[in-house]
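Notes follow once the structure below has been shown.
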Amino acid sequence: MSFRFHVHRAKPAYRLVTAEGAGFPAGADPEDWRFTRVRERADTNPDVARLVDETGYCLFRIGLRFSEVV
């Protein structure tokens, strides 16, 4: 299985991962996201792959600060 990685156009710290061949999740506008790469399962973080398997996508943010994790 392969995974597609996307970066949000207006908020580039946000990343969206979906399974290859799957559509975008409900509520996500594909026009808001820029495709960046495809990765194989072996090259994808296991937590990311698990979330895609369970929910159809994984949404996360780069650059989170410790002060935001309370």
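The values are calculated or read from the model by the stated rules, or taken from the named source; none is laboratory data. Computed from a predicted model, the values in this text were never measured in an experiment. Cβ placement follows ideal geometry from the backbone for every residue including glycine, while neighbour counts extend to all protein chains displayed. Ligands, DNA and RNA are stripped out before the accessible areas are found, and what is left, the full protein with its side chains, is counted by its heavy atoms. Shrake-Rupley method; radii C 1.70, N 1.55, O 1.52, S 1.80 Å.
Give, to the nearest whole percent, the P(r) tail of the chain beyond 19 angstrom, counting all Cα pairs.
For the chain, the fraction of Cα-Cα distances above 19 Å is 32 percent.
Given only helices, namely DSSP H runs of n ≥ 4 each adding -39500 (n - 2.57), what is the per-residue ellipticity at 222 nm of the chain, to the nearest 500 deg cm²/dmol? Let's see the in-between values first.
Values: 1 runs with 10 residues, N = 70.
Calculated from helices alone, the mean residue ellipticity at 222 nm is -4000 deg cm²/dmol.
Size of the dipole of the chain about the Cα centre, Lys and Arg at +1 and Asp and Glu at -1 on the beta carbon, nothing else charged, in debye to 20?
My answer is approximately 280 debye.
Return a whole-number percent for the relative contact order of the chain, with Cα pairs under 8 Å and 6 or more residues apart as the contact set.
After rounding, I find 39 percent.
Carbon and sulfur: what percent of the chain's accessible surface (1.4 Å probe)?
52
Under a Cβ-Cβ cut-off of 12 Å, what is the net charge of the residues other than His8 that fall near it, where Lys and Arg count +1 and Asp and Glu count -1?
Result for the local shell: +2.
Could you work out how much longer the chain between Val7 and Ile62 gets when fully extended? Use 0.36 nm per residue separation minus the Cα distance between them, nm to one decimal.
Length difference between fully extended and current span is 18.8 nm.
Among Ala26, Val7, Val48, which residue has its Cα furthest toward the positive end of the charge dipole of the chain, with +1 on Lys/Arg Cβ and -1 on Asp/Glu Cβ?
Val7
What accessible area per residue comes out for the chain, rounded to a whole number of Å², with a 1.4 Å probe?
Computed with neighbouring chains in place, this is 71 Å² per residue.
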